[in-house]
Amino acid sequence: MSQVVLITGASSGLGLTTAQYLARNGYIVYGTSRSPQKYAGITDFQLLKMDVTSKESIKKCVDQVLQSAGKIDVLICNAGLGMIGPLESVDHKSVETLFQTNVMGVLSVIQEVLPSMRQSSSGFILNISSIAGYMGLPYRGIYSATKSALDKLTESLRLEVMEFGIKVSALAPGSFATPITNRRVTVDIDESSPYHHTFHRIHKKIDQDVNQGGNPHDVAKEIYKIIQKKKPKIHYRVGPSLQKLSIRLKDILPGKTYERLLKNHYQLK
């Protein structure tokens with residue numbers, strides 16, 4: 001019997017590529033989007049309406065999947081927002097929006113799906129984090145903070161639900177060529193800001209890294225391998241070798257030495 005996958009944020013980018021890949025490889029896939037009517041061209045899997053910041057929307061979507069498929073074997077929490085801007089200039093409402101989407105939204109979806117997984121004594125929850133969650137990056141502090149929080153949530157959840165036969169892992173992608181730059185929350189910085197020059201230079205570099213990033217199919221293939229594992233690890237990473245190496249270097253280098261590497265990478269004074 002085919003396994004049923006629910007993946008949030010499946011209308012574009014890594015979510016869409018992953019949903020299509022899993023559907024082609026034998027899974028019954030349900031994806032979610034806040035506006036599924038905009039994506040009538042998606043036919044590989046069923047795209048349902050879900051706003052991860054609305055518990056009512058989450059419940060309605062999860063109930064729909066359970067009524068249709070009878071179960072959810074794999075939950076992939078992929079929906080998320082990016083943000084870029086100096087911390088001094090970030091407004092609190094935007095910060096709340098990011099945490100509501102990237103952290104609370106994930107938690108709300110998990111809370112809605114867990115009872116059915118616990119009832120069947122099986123299930124796999126895979127949270128899509130980010131390599132940016134392993135370090136505080138300049139002008140991406142809020143985004144890094146949400147992904148770091150998601151990693152810790154994953155670690156705690158894993159310990160709490162393993163007695164029910166439920167597996168939990170996090171996958172941290174690096175830079176991949178996706179439309180994420182179009183959906184990123186960008187802090188408005190005018191020419192009078194002391195951060196103006198540096199911010200716009202780094203903003204351009206970040207966009208270039210994404211545009212020149214890896215093939216999203218590499219993430220889909222990694223997810224495919226992970227969700228088939230009987231004894232998955234807590235954390236997985238996928239992306240350019242240098243980005244994955246940066247995590248290991250952070251663990252072994254003195255703090256100031258690692259900070260100098262980041263300063264040199266972003267050409268900070």
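The values are calculated or read from the model by the stated rules, or taken from the named source; none is laboratory data. Bear in mind the structure is a predicted one, so any value in this text is a computation, not a measurement. Here the Cβ is made from the backbone with ideal geometry for all residues, glycine too, and neighbour counts use every protein chain on show. Accessible surface areas use protein heavy atoms only, side chains included; no ligands, DNA or RNA. Shrake-Rupley method; radii C 1.70, N 1.55, O 1.52, S 1.80 Å.
Using the Cα gyration tensor of segment 110-250, with a ≥ b ≥ c the square roots of its eigenvalues, what is the shape: rounded (a/c below 1.5), prolate (a/b larger than b/c) or oblate (neither)?
Prolate, because a/c is 1.5 or more and a/b exceeds b/c.
Which order do you get for ARG248, ARG118, ARG260, ARG201 if you rank them by accessible area with a 1.4 Å probe, largest at the top?
In descending accessible area the options line up as ARG248, ARG260, ARG118, ARG201.
Can you show me the helix-derived [θ] at 222 nm for the chain, built from DSSP H runs with n ≥ 4 at -39,500 (n - 2.57) apiece and divided by the number of residues, rounded to the nearest 500.
Estimated from H runs of four or more residues: -14500 deg cm²/dmol.
Using a simple spin-label model with points 7 Å from Cα along the Cα→Cβ vector, what separation in nm is obtained for LYS204 and LEU249?
Computed distance between label sites LYS204 and LEU249 equals 2.4 nm.
Would you work out if segment 183-269 is rounded, prolate or oblate? Take a ≥ b ≥ c from the square roots of the eigenvalues of the alpha-carbon gyration tensor; rounded if a/c is under 1.5, else prolate when a/b is larger than b/c, oblate otherwise.
It comes out oblate by the Cα gyration axes.
Sorting PHE176, PHE164 by accessible area (1.4 Å probe), largest first, what list results?
Putting PHE176, PHE164 in descending order of accessible area: PHE164, PHE176.
In vacuum, with every alpha carbon of the chain counted as one equal point scatterer, what does the Debye formula give for log10 I(q)/I(0) at q = 0.10 Å⁻¹? Two decimals, please.
-0.51
Amide H of LEU48 versus every other amide H placed in the peptide plane: which residues, excluding those fewer than 5 positions away on the same chain, fall under 5 Å?
Residues meeting the amide H criterion: GLY31, THR32, SER33.
Skipping prolines and chain starts, which residues have an amide H placed within reach, meaning under 5 Å, of the one on GLY123, given they are 5 or more residues away or on another chain?
LYS167
If you plug each phi of segment 51-56 into the Karplus form 6.51 cos²θ - 1.76 cosθ + 1.60 with θ = phi - 60°, what whole-Hz ³J(HN,Hα) values come out, in order, with x for Gly and Pro?
10, 5, 8, 10, 5, 5
Just LYS147, LYS221, LYS38 to compare: in a GNM of the chain, with alpha carbon springs under 10 Å, which one fluctuates most?
Taking springs between Cα atoms under 10 Å, the residue moving most is LYS38.
Return the single residue from ARG140, ARG34, ARG24 with maximal mean-square fluctuation; model: Gaussian network over the chain, springs between Cα atoms under 10 Å.
Of the options given, ARG24 has the highest mean-square fluctuation.
Which order do the peptides 151-158, 227-234 take when ranked by the mean count of other beta-carbon atoms within 10 Å per residue, highest first?
Those peptides, ordered most packed to least, come out 151-158, 227-234.
Can you work out the Karplus-derived ³J(HN,Hα) for every residue in segment 193-199? Use 6.51 cos²θ - 1.76 cosθ + 1.60 with θ = phi - 60°, whole Hz, and x for glycine or proline.
These are the phi-based 3J(HN,Hα) values: 6, x, 8, 3, 5, 5, 4 Hz.
Subtract the Cα-Cα distance of ILE234 and ASN215 from 0.36 nm times their separation in residues, and report this length gain in nm to one decimal. Mind dumping the intermediate values first?
Numbers: separation 19, 0.36 × 19 = 6.84 nm, distance 2.38 nm.
Additional length available on full extension: 4.5 nm.
Which residue fluctuates most in the GNM of the chain (Cα springs below 10 Å): ILE223, ILE202, ILE252?
Maximum among the listed residues: ILE252.
Just read off the accessible area of HIS196 with the full protein assembly in place, 1.4 Å probe, to the nearest 10 Å².
Approximately 50 Å² for this residue.
Between TYR266 and GLU191, what is the spin-label point distance in nm, taking each point 7 Å from the Cα along the Cα→C-beta axis?
Going from the TYR266 label point to the GLU191 one covers 2.5 nm.
Ignoring ligands, DNA and RNA, how do GLU56, GLU222 rank by accessible area with a 1.4 Å probe, largest first?
GLU56, GLU222
Can you compute 3J(HN,Hα) from phi for each residue in segment 108-117, using the Karplus curve 6.51 cos²θ - 1.76 cosθ + 1.60 with θ = phi - 60°, rounded to whole Hz and x for Gly and Pro?
5, 5, 4, 4, 6, 8, 4, x, 5, 5
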